[in-house]
1. Take every Cα-Cα pair in the range 203-252 and report what % of them are more than 13 Å apart.
2. Does a label point 7 Å from the Cα of ASN223, set along Cα-to-beta-carbon, have any residues of the range 157-174 with amide nitrogen under 15 Å, and which are they?
3. Gain in length, TRP69 to GLU154, computed as 0.36 nm per residue apart minus the alpha-carbon separation, to one decimal in nm?
4. Taking R0 as 51 Å, what's the FRET efficiency between ARG131 and ALA161 from their Cβ-Cβ distance, rounded to 0.05?
5. Starting from the Cα of LEU144, step 7 Å along the direction of its Cβ; do the same at ARG235; then give the gap between the two resulting points in nm.
6. For the range 56-73, take each phi angle, set θ = phi - 60°, evaluate the Karplus expression 6.51 cos²θ - 1.76 cosθ + 1.60, and give the result in whole Hz per residue in order, putting x for glycine and proline.
7. Mind checking which of ALA210, GLN227, PHE86 is farthest towards the positive end of the range 44-251's charge dipole, using Cβ charges of +1 (Lys, Arg) and -1 (Asp, Glu) about the Cα centre?
8. Quick check: residue separation of PHE183 and ASN94 times 0.36 nm, minus the Cα distance between them. What number comes out in nm?
Amino acid sequence: MRGLGAYATVFTPRKNFPFAEGHIIFLFNAILATDITEILVQTGWVARGVLAILLLFSLISWAMIFQKWGMFGRIRRQSAQFLHIFRSTHGVTNPQALASSGSPFANVYAAGYRELQAQVGGIAPNPHPPRLKSLSAVTVSMQLASAEEVRRVEKGMAWLATTGSVAPFIGLFGTVWGIIDAFAGLGSAGAASLRAVAPGIAEALITTAAGLATAIPAVIFYNQFLQNIRDLGQRLDNFAMEVTAQVEKAFN
């Protein structure tokens, strides 16, 4: 705390100002030296309620983070496998012959293939394939399937956004309440003693730290997953255009 003492010396204690340099240094020493468990034991019911709410937000957010992380990993692997097989066929093929994975690309292709099959009444090797009635209908089917896949991977993102925006304010509420307790303790003590306000200030700081610890990971992973969703949506749109070009060459 030598550095803290150096900063504290810039304050000139006045006659009527109770918090002199030594008192300020004692306050920070008391907060830093106090065990976290002891702080939690001494917190009031409001601070404990705030910490319980933040803990609930944090647990659900981390569960959502791990679930999304694994989901995007599976999507990358399955999509790479499907696109490799699709592009090696060089034509319009039954989706069951490509890959049976749950890749979003496979679902988009299957939607377009179903519309194509409904128009031409079955796809088989034929030197004179039937003409396609509406190419735009095939494209629209794939675009709708693409939007549905994006909505599917977006599930749970609202919780991360809510946690990142709300958790700091919940912690701030605990901070304000802790400061109120600190001044209430100062008034009940009848004297300007930092021993009376230190528990309340420590309570305020720990709720602030809990709010930030809950919000920061949620914001970081929300931005990362949002970028992954945008990339997936763009790739699905490009894939729908690629399939449309293959269908147009095969049936027009």
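Just so it is clear, none of the values below were taken in a lab; they were calculated from the coordinates. Quantities reported herein were computed from a predicted structural model and do not represent experimental measurements. For neighbour counting, all protein chains shown are included, and Cβ atoms are generated from backbone atoms with ideal geometry for every residue, glycine included.
1. Numbers: 862 of 1225 pairs.
When every Cα pair of the range 203-252 is considered, 70 percent fall beyond 13 Å.
2. So the set is 161, 164-165.
3. Details: separation 85, 0.36 × 85 = 30.60 nm, distance 1.24 nm.
This chain segment gains 29.4 nm when fully extended.
4. Working: r = 48 Å, r/R0 = 0.94.
Efficiency, from the Cβ-Cβ distance: 0.60.
5. With each label placed 7 Å out from Cα toward Cβ, I get 2.5 nm.
6. Calculated HN-Hα couplings, in order: 4, 4, 5, 5, 5, 5, 5, 4, 5, 5, 5, 5, 5, 4, x, 5, 5, x Hz.
7. The residue sitting farthest along the positive end of the dipole is PHE86.
8. Computed gain between PHE183 and ASN94 is 24.7 nm.
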